[in-house]
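Here is the structure we will look at, set down as structure tokens.
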Amino acid sequence: MLHRIAHKHASLGVTPEQYDLVHEHLFAAIAEVLGDAVTPEVAAAWDEVYWLMANALIAVEKRLREESGGPGWRTWEVVERVTETADVVTFLLRPTDGSPVRDFLAGQYVSVRVALPDGARQIRQYSLSGAAGPLRQISVKRVHGDGAPDGEVSNHLHARVREGDVLELSEPYGDLVLDTGPDTPLLLASAGIGVTPMTAMLAHLAGSGHRAPVTVVHGDRSPAGHALRTDHEAYAAKLPDSAVHLWYEQDAPAGTHSGLVDLAGVPVAPGTRAYLCGPLPFMRAVRTQLIAKGVAPADIHYEVFGPDLWLAGQS
Ligand SMILES: Cc1cc2nc3c(=O)[nH]c(=O)nc-3n(C[C@H](O)[C@H](O)[C@H](O)COP(=O)(O)OP(=O)(O)OC[C@H]3O[C@@H](n4cnc5c(N)ncnc54)[C@H](O)[C@@H]3O)c2cc1C
């Protein structure tokens with residue numbers, strides 16, 4: 001869990017000094033809320049735990065920043081903006097200073113830092129959704145508030161960012177990465193915008209001579225809402241041994257399934273490693289089915305596009 005947090009912190013540009021600041025305010029809040037319950041012994045014990053975790057994170061984050069080999073935040077120009085679906089746009093980006101674009105590990109994300117019209121600066125993470133190369137590619141789903149406020153950054157990117165505009169990006173980070181050889185059977189399962197890291201993984205596999213079976217599983221509201229579908233299927237088709245299984249809640253065309261993803265009829269090769277990305281109920285259901293099919297829990301990896309509440313809820 002700390003490793004995952006460290007990747008997020010590194011992408012956000014968290015510095016060691018900021019742990020002092022968090023410590024100061026967290027402990028003031030603890031004292032204010034718990035009052036007399038915070039005896040000197042309790043305070044000392046919390047302090048010890050805080051610095052154990054903080055020092056572990058500071059060390060990993062330093063290593064991750066060094067390994068990234070990059071300068072940190074850089075400005076990137078949007079060289080192409082592609083409308084994928086009614087709610088998803090893809091941005092292709094190139095460094096404004098012409099410096100080389102480092103490789104990333106398929107499945108990683110970048111942080112995007114934007115200045116909003118009200119002057120606030122906000123940072124969000126977006127998975128790299130294309131093949132490695134001279135451009136970085138992210139695909140952003142516009143988040144509708146449906147009663148709550150609309151998502152700030154996704155709507156800003158949709159409404160205001162066009163070809164020629166400039167965005168600030170971090171180096172790539174993230175620990176949901178393909179770390180297997182060409183002979184490991186894989187299952188890549190996604191739902192909705194969770195397709196983004198899976199598309200990058202398929203691009204990588206297609207270009208790296210992967211030999212073992214690759215099972216692609218994806219669920220979406222409708223074919224029209226399935227972002228990156230062409231790439232998703234085209235990269236899978238380049239693999240020597242792949243099977244694509246698609247589920248749509250509406251308008252499922254021939255050759256696809258109707259409803260929610262259900263692995264009952266999907267063969268899963270022994271020794272399969274699975275990578276999951278999508279809403280939590282989807283990932284819980286897929287994980288349960290994979291374990292029932294004999295996949296080892298340690299071989300099931302996942303990415304959550306928000307706070308990782310899964311670990312907290314895992315029995
Ligand atoms: C590792 C990682 C990879 C990701 N990859 C992708 C990707 O490839 N593509 C992609 O589209 N997204 C991706 N995301 C999600 C992305 O980072 C953002 O979380 C997403 O774009 C929403 O950001 P936002 O600023 O638009 O929404 P926010 O403004 O952060 O709002 C988030 C939610 O909170 C609700 N909300 C806001 N204010 C209130 C309020 N006052 N009361 C009640 N509800 C409220 C909003 O309605 C919305 O549902 C990824 C996230 C992570 C962590």
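Quick notes on this one:
- Search result, residues across the range 140-172 that are small (Gly, Ala, Ser) and touching a His at 6+ places or on another chain (Cβ under 9 Å): Gly151
- Answer from Leu105, Leu92 - the residue that is under 18 Å from the mean Cα position of the chain (by Cα) and assigned to a loop (DSSP other than H, G, I, E, B): Leu105
- Residue within the range 46-53 that is outside any loop (DSSP other than H, G, I, E, B), buried (at least 16 other Cβ atoms within 10 Å of the Cβ) and within 16 Å of the ligand (Cβ to nearest atom) present: no
- Every pair of residues 6+ apart whose Cβ atoms lie under 7 Å, when the first sits in the range 88-112 and is free of Cβ contacts under 8 Å to residues at least 40 places away in the same chain and outside the structural domain of Gln122 (by TED's automatic domain parsing) while the second is open to solvent by 10 Å² or more (accessible area, probe 1.4 Å) and aliphatic (A, V, I, L, M): none
- The one condition in (1) surrounded by 14 or more Cβ atoms within 10 Å (Cβ to Cβ); (2) out of contact with any Leu (no Cβ under 6 Å at 6 or more places or on another chain); (3) modelled with pLDDT of 95 or more; (4) under 24 Å from Ile138 (Cβ atoms) that Ala212 fails to fulfil: (4)
- You will find that of Val60, Val82, the residue that is touching a residue at least 40 places away in the same chain (Cβ under 8 Å) and not small (Gly, Ala, Ser) is Val60 and no other.
- Residues of the range 126-150 satisfying the condition of being under 24 Å from Ser208 (Cα atoms) and either near the ligand (Cβ under 10 Å from one of its atoms) or surrounded by 14 or more Cβ atoms within 10 Å (Cβ to Cβ) (or both): Tyr126, Ser127, Leu128, Ser129, Gly130, Ala131, Ala132, Leu135, Arg136, Gln137, Ile138, Ser139
- Residues of the range 157-200 satisfying the condition of being over 27 Å from Ala274 (Cβ atoms), within 13 Å of the ligand (Cβ to nearest atom) and open to solvent by 20 Å² or more (accessible area, probe 1.4 Å): Ala159, Arg160
- Across the range 244-267, a minimum of one residue is classified as open to solvent by less than 60 Å² (accessible area, probe 1.4 Å) and assigned to a helix (DSSP H, G or I).
- Selection from the range 55-74 of residues that are farther than 20 Å from His3 by Cβ and either in contact with an Asp or Glu (Cβ under 6 Å, 6 or more places away or on another chain) or part of a helix (DSSP H, G or I) (or both): Trp73
The values are calculated or read from the model by the stated rules, or taken from the named source; none is laboratory data. All figures in this text were calculated on a predicted structure; none of them were measured in a lab. In this analysis, Cβ positions are derived from the backbone assuming ideal geometry, glycine residues included, and neighbour counts consider all displayed protein chains. SASA here: full protein model, heavy atoms, side chains in, ligands and nucleic acids out. Shrake-Rupley method; radii C 1.70, N 1.55, O 1.52, S 1.80 Å.
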